[in-house]
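One structure is given below, encoded as structure tokens.
None of the figures in this text is laboratory data; all of them are computed from the coordinates on show. If you're wondering where the values come from, they're calculated on a predicted model, not measured in any experiment. Here the Cβ positions follow ideal geometry from the backbone for every residue, glycine too, while neighbour counts run over all protein chains shown.
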Amino acid sequence: MTYANPTPGRRKVETPKGAAIFMVLAVVLLWVLEAIDTVLLGALDKLGIHAQEPMGWVGIFFAPFLHAGFGHLIANSLPLLVLGFLILVGRGGALRFFWSTIVSVVASGIAAWILTPAHHVVVGASGVVFGWLTYLMARGFFARDIRSIAISILVFLVYGSVLFGVFPTQAGVSWQAHLGGAIGGVFAAWVMHRRATRKFETVSGL
């Protein structure tokens, strides 16, 4: 039996240097988009999630790239850099990053669309931040390997208090998106752990 090696591109982005560069470029893109949105007087924000409107869910796929001002973006930038790097670095990191991001975006967006009061537009990458946060914490619980557990503990110690953002404690902050992202992150960790377990059992002939 032979095993397919990851493509050179995937191997490169999963190195500490590659992961760091990728995340910096991703955050730079968000800053460029916010600068453009500022010049356009907030026109891009209209592409966000329009709560409870029939086609408002389309904004689910645009909202993480948009922010309600530079203050909002500044608050998300460092967590995005740190958490994204921790998911991306290491063997299989590109796959973990892709699926944890997709699940978090969709879960966060659906929660924001359904639970946010009508006539509100939701933007921001906070749902992704919460998804990555709970993914990293839950991965240690499901995987039960030393590296994953150590990362889970570190993430909890540094960012654990952020989880209070899933409750409606601050006006103008989408706790709905936070809650959806947090649920999505746990779900992504569970699904990927089950997938890895089945793959291991298949390879081992169990």
For segment 1-103, listing trypsin sites (Lys or Arg not before Pro) in a DSSP loop whose Cβ sees at most 14 other Cβ atoms within 10 Å gives Arg91
For Cα Rg over 2.2 N^0.38 Å the list reads (1) 1.06; (2) 1.02; (3) 0.94; the calculated value is entry (1)
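Where does the chain land at 222 nm, in deg cm²/dmol rounded to the nearest 500, when only DSSP H runs of n ≥ 4 count, each adding -39500 (n - 2.57), divided by all residues? Intermediate values should be presented prior to the final figure.
Values: 7 runs with 134 residues, N = 206.
My calculation for the chain gives -22000 deg cm²/dmol from helical runs alone.
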